[in-house]
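A quick write-up on the structure given underneath.
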Amino acid sequence: MRRETKFVVSRRPYAVDLSSLRTLERPAIVNAVWFRRRQSITVACVGILWDYQDPNPKDAAEFLERHDDGSYGGDCLGRWDGQRYWGAQEPHVIEEHLALLKPMLANYPNVPDAYDGWWRF
């Protein structure tokens, strides 16, 4: 992946929580958020980016630099379109997602606090 300073939704960029890299699992995982257009509506998504990397990356920046296969994209765990939520079924997880996604969509196309963006394949 490479980092870009300009947001262009058609390039399918991701904002990443650089402190969230988990390498004890296989594959390595990092938390991410992104915007997409679905049926002419902008939606905010929360999920993960994953990749099998050997050896394990030392940090999220290395993980992103080595992540070169975007064919699967991000795994979406929750999505908000301004009216409807799709994703988790557990009430506390829904609350966590909406606490991030609602302000994210309201501040489109800005990167949410605690995230680094924009990264794309």
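The values are calculated or read from the model by the stated rules, or taken from the named source; none is laboratory data. Owing to the predicted nature of the structure, the values given are computational and were not obtained by experimental measurement. Don't worry about glycine lacking a Cβ; one is built from the backbone with ideal geometry, like all the others, and counts go over all protein chains shown.
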| Out of Gly47, Gly70, Gly87, Gly78, sole residue that is surrounded by 14 or more Cβ atoms within 10 Å (Cβ to Cβ) and at pLDDT below 95 | Gly70
| task | Among what's in the range 66-121 and is aliphatic (A, V, I, L, M) and touching a helix residue (DSSP H, G or I) at 6+ places or on another chain (Cβ under 8 Å), pick the residue that is nearest to Arg38 (Cα to Cα). | result | Leu77
| query | If you scan the range 50-73, which residues turn out to be touching a residue at least 40 places away in the same chain (Cβ under 8 Å) and either outside any loop (DSSP other than H, G, I, E, B) or touching a Cys at 6+ places or on another chain (Cβ under 7 Å) (or both)? | reply | Ala60, Ala61, Phe63, Leu64, Glu65
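Can you tell me how many residues in the range 9-40 are assigned to a loop (DSSP other than H, G, I, E, B), within 19 Å of Val111 (Cα to Cα) and either in contact with a His (Cβ under 8 Å, 6 or more places away or on another chain) or free of Cβ contacts under 8 Å to residues at least 12 places away in the same chain (or both)?
Summing the residues that are assigned to a loop (DSSP other than H, G, I, E, B), within 19 Å of Val111 (Cα to Cα) and either in contact with a His (Cβ under 8 Å, 6 or more places away or on another chain) or free of Cβ contacts under 8 Å to residues at least 12 places away in the same chain (or both) in the range 9-40 gives 0.
Within the range 74-94, restricting attention to residues that are part of a loop (DSSP other than H, G, I, E, B) and not aliphatic (A, V, I, L, M), which residue is nearest to Ala114 (Cα to Cα)?
Gly74
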